[in-house]
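To start, the structure itself, in structure tokens.
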Amino acid sequence: MSITKNDNINRNFFLGFIRLHILFHATQEPIFGLDMIRELERHGYSLSPGTLYPILHNLARDGLLETQQQVVGGKMRKYYLATDAGRQALEAALEKVRELVNEIDPDLGAK
């Protein structure tokens with residue numbers, strides 16, 4: 001299967017939405033990779049670990065997530081939590097999302 005230009009455009013849009021999902025959930029509680037893959041599937045995203053983990057690592061590298069390690073079932077699991085910068089970035093992004101939704105569909109934005 002070849003990737004078309006539209007596939008790349010959609011992928012870039014969806015990766016932005018995925019980052020917002022991750023930041024949101026990381027503000028609510030510690031998250032880990034497999035759990036986020038499952039959560040994102042509930043929203044219609046199908047991500048492999050090879051796609052998700054680089055996103056998590058980049059968000060951590062950029063200071064938006066911090067990591068904690070914990071032994072679960074005899075294995076080390078890495079949890080991610082939003083930093084203050086991550087919370088601020090999410091709030092700024094949500095403001096822009098609300099503004100865009102209000103512009104695209106004022107009735108939807110009013111709900």
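Read-outs: derived from the displayed coordinates by stated rules, not from any lab. Note that the structure is a prediction, hence the values are computed from the model and not measured. A quick note on method: Cβ atoms are made from the backbone with ideal geometry, for glycine too, and the neighbour counts reach across all protein chains shown.
Computed per residue of the chain from DSSP H runs no shorter than four, each worth -39500 (n - 2.57), the mean residue ellipticity at 222 nm is -21000 deg cm²/dmol. Here the alpha carbons of the stretch 30-109 define both size measures, Rg and Dmax, at 15.5, 51 Å. On the beta carbon distance between Gln69 and Val97, with R0 = 41 Å, the FRET formula returns roughly 0.80.
Rounded to the nearest 20, the size of the Cβ-charge dipole of the chain about its Cα centre is 460 debye, with Lys and Arg at +1 and Asp and Glu at -1. Put simply, the amide H of Tyr79, placed in the peptide plane, has neighbours under 5 Å in Gln68, Gln69, Gln70, leaving out anything fewer than 5 places away on its chain.
Put a dot 7 Å past the Cα of Phe32, heading toward its Cβ, do the same for Ile9, and the two dots end up 4.0 nm apart.
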